């Protein structure tokens, strides 16, 4: 096996910068939210630090581990199967959100760990079946595995399910999957997306609030839906587009350089989930356009290094492991930012390495550790 080369310091530095920057912004947003909710200003950042202490050893150890050790059916299928079972367990054990597994004060979100598991599975499958990528014995089992995991995740976390499925489809497309299979996959995924949105009213209301906020089109097509939508909004005291509206206000208020760290006003419970899904709005308000572009720039650096690793790696498993991690992290970040800027409907999806959330942080650090492992063994 090829010995590890020198650390990719550009990639490693970008990841560390995201982690450190995330701590600063998470404290700025979380301290206010924690104080207003009676948990104390250090509650959220303290919990985030606990998960980071568990994740940093992974970020340092995984680059030393030869990624090719994972290119085995035991790892690919056991991880994929185990995470799928854990996701179903979360659905059963969490009757409200259908996404958490709780053991006392410890809670985990299996759908977050589905990300590295799915990428390892897809990379193994593609490397193993590259010469027969369009054979039905390749397409069918891969589709079933991805579909079952994506469907289970969509039960409680539609945004993550979208990220997982699109990442898998893109990996197989790059590997040479024919267009007819791509279109079939897209059609099935779109059907599943429609069913998932229609199944939970709050998802449907979010889409309506994004596409037709004034209900002109909906009232023309189906007046009863429009009345039901308005009734639900009255019960909640806000409409489905409230989060995005407050988010856009926050970003717009930041201007070029922002109001200053800790000086944002929208996080004072005007902007729901300011420390999690909408933390990019806090960046925009407090650090302005400069801070927002700094954050985006770090993800662009990661994109560049990830694609570079993909192009320079000879090992097929390593190539698609690197591409999968890069696509997943960057696509998730772009989805989050799109929601914050009002470009896409509201979805509960965190900004990698920055949003508060232990499972998301650990999952991202595992992914980056694996990406660094491939990088260190690239010729």
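Read-outs: derived from the displayed coordinates by stated rules, not from any lab. Owing to the predicted nature of the structure, the values given are computational and were not obtained by experimental measurement. All Cβ positions, even for glycine, are placed from backbone atoms using ideal geometry, and neighbour counts span all protein chains on display.
Numbers for the structure displayed
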{"quantity": "Set of the stretch 23-44 residues, backbone N closer than 14 Å to the point 7 Å along the Cα-Cβ line of residue 261", "calculated": "23-31"}
{"quantity": "Extension gain (nm, one decimal) between residue 316 and residue 42, 0.36 nm per residue minus Cα-Cα", "calculated": "94.1 nm"}
{"quantity": "Cβ crowding within 10 Å averaged over residues, with 258-266, 112-120 ranked highest first", "calculated": "112-120, 258-266"}
{"quantity": "Residue order, fewest to most surrounding Cβ atoms within 10 angstrom, among 186, 33", "calculated": "186, 33"}
{"quantity": "Taking 21, 289 and counting other C-beta atoms within 10 Å, the order from fewest to most", "calculated": "289, 21"}
{"quantity": "Burial order of peptide ranges 354-366, 47-59 (average beta-carbon count within 10 Å, highest first)", "calculated": "354-366, 47-59"}
{"quantity": "Cα-Cα separations in the chain greater than 41 Å, expressed as whole percent", "calculated": "13 percent"}
{"quantity": "Sites residue 198 and residue 341 - FRET efficiency at Förster radius 30 Å, r taken between beta-carbons, to 0.05", "calculated": "0.70"}
{"quantity": "Whole-number Å³ per residue for the convex hull built on Cα positions in the stretch 1-130", "calculated": "147 Å³"}
{"quantity": "Computed FRET value (nearest 0.05) for residue 106 with residue 128, which takes r as the C-beta separation and R₀ as 35 Å", "calculated": "0.45"}
{"quantity": "Base-10 log of normalised Debye intensity for the stretch 68-199 (one unit scatterer per alpha-carbon) at q = 0.09, 0.10, 0.20 Å⁻¹", "calculated": "-0.26, -0.33, -1.15"}
{"quantity": "Rg and Dmax of the stretch 231-377, Cα atoms only, in Å", "calculated": "17.4, 58"}
{"quantity": "Approximate spin-label separation residue 60-residue 179, in nm, with each point projected 7 Å along Cα-to-Cβ", "calculated": "5.1 nm"}
